[in-house]
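Chemist: Got a structure here, written out as C-alpha cells. Questions coming.
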Amino acid sequence: MPGDERQTSDEQLAAEAQDGSLEAFGGLVDRYHARIYHFLCHKTASPEDAQDVTQQVFIRAWQKIHQFRVEAKFATWLFTITRRAAINYYRARGSRTMVELKEADGKLVTSDTPASSLAERDEHAALWAAARRNLKDSQFTVLWLKYREGMSIKEMALAMGKRQVTTRVLLHRARKALGTALRRPDVKSESSQPTRSPKLKHEMTLQAGVA
C-alpha cells in the first residue's frame with residue numbers, strides 16, 4: 001500500500017480492498033474495530049456477544065466490499081452493516097437486550113480488546129449509560145451516530161435506513177427524551193459528573209429545559 005496509511009482515507013483503503021488488498025482492509029479493521037465494538041457493547045447481552053457481532057460485521061463488510069461506492073463515506077456504509085447485524089442479533093434471541101458494563105474501582109470493564117481501553121477512557125460514560133438505560137434503541141443509535149461518530153443528518157439517515165426528515169425528528173425526540181430522563185432524580189444522580197458532552201448537553205438544554 002503506497003504512502004503513509006495514516007494519510008490514506010477510509011475510502012482509498014476501501015477502493016484498494018475492492019481490488020483484493022487484504023492489507024488495506026486490515027487497515028480499515030484497525031481503524032474501526034474499537035468503534036464498532038464499543039457501539040455494540042451497548043446493544044448486546046455481553047462483551048463476548050459484542051465481540052462476536054463485531055467479527056460478523058467485518059466478515060460481512062469484506063464479503064460486500066465490492067458493493068461499497070468509493071464516492072460515499074465508508075463509516076456510513078459500515079454502520080449500516082452494523083445496524084443490520086444488531087437487528088439480526090435481537091431477532092435471533094427474540095428480544096432486545098443490552099450489556100451492562102460492570103464497574104470496578106470506578107472504571108468500565110469489558111473484555112480484553114482494544115475497545116476496553118476506549119471504554120475506560122470514555123469521557124462521557126455516565127451520559128451514554130443513562131441513554132442506554134432510558135432511550136429506545138433507535139433513539140440511542142441516532143444520538144450515538146450524531147455525537148460519537150459525528151455524522152450528518154444525511155449520513156445518519158443512510159446508516160439507519162430512514163428518510164432525512166424522519167431522522168431529524170428522531171434526533172430531536174431523542175435529545176428531548178434524554179433531557180427529560182436526566183431530570184429524574186435517580187438518573188440525574190448517576191450522570192451528574194462533569195463528563196457530559198458539552199454540545200449534547202447544550203442542545204438538550206435548549207430542547208428539554210435541562211439545567
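Chemist: Rank by packing, highest mean first: peptides 23-30, 170-177, with packing defined as the count of other Cβ atoms within 10 Å averaged across residues. The partial results should precede the final answer.
Modeler: Values: 23-30: 17.2, 170-177: 19.4.
By packing density, highest mean first, the sequence is 170-177, 23-30.
Chemist: Determine the gain in length on full extension of the stretch R31-R60; use 0.36 nm per residue of separation and subtract their C-alpha separation, reporting nm with one decimal.
Modeler: Working: separation 29, 0.36 × 29 = 10.44 nm, distance 1.65 nm.
Extra length available between R31 and R60 comes to 8.8 nm.
Chemist: Let me ask something additional. So if R0 is 45 Å, what FRET efficiency would R133 and L22 give, r being the distance between their Cβ atoms, rounded to the nearest 0.05? Display every interim value, and only then the final one.
Modeler: Details: r = 40 Å, r/R0 = 0.88.
Between R133 and L22 the formula returns 0.70.
Chemist: Report the FRET efficiency, 1/(1 + (r/R0)^6), for R183 and R91, where r is their Cβ-Cβ distance and R0 is 41 Å, rounded to 0.05. Could the numbers behind the result be given before it?
Modeler: On the way: r = 34 Å, r/R0 = 0.83.
According to the calculation, E is roughly 0.75.
Chemist: Quick one: which of K73/K136; K64/K136; K73/K162 span more than 24 angstrom between C-alpha atoms? List each step's numbers first, then the result.
Modeler: Numbers: K73/K136 26 Å; K64/K136 29 Å; K73/K162 17 Å.
Beyond 24 Å between Cα atoms: K73/K136; K64/K136.
None of the figures in this text is laboratory data; all of them are computed from the coordinates on show. The model shown is predicted, which means the values in this text are computed figures rather than measured ones. Please note: Cβ atoms are built from the backbone with ideal geometry, for glycine as well, and neighbour counts cover all protein chains shown.
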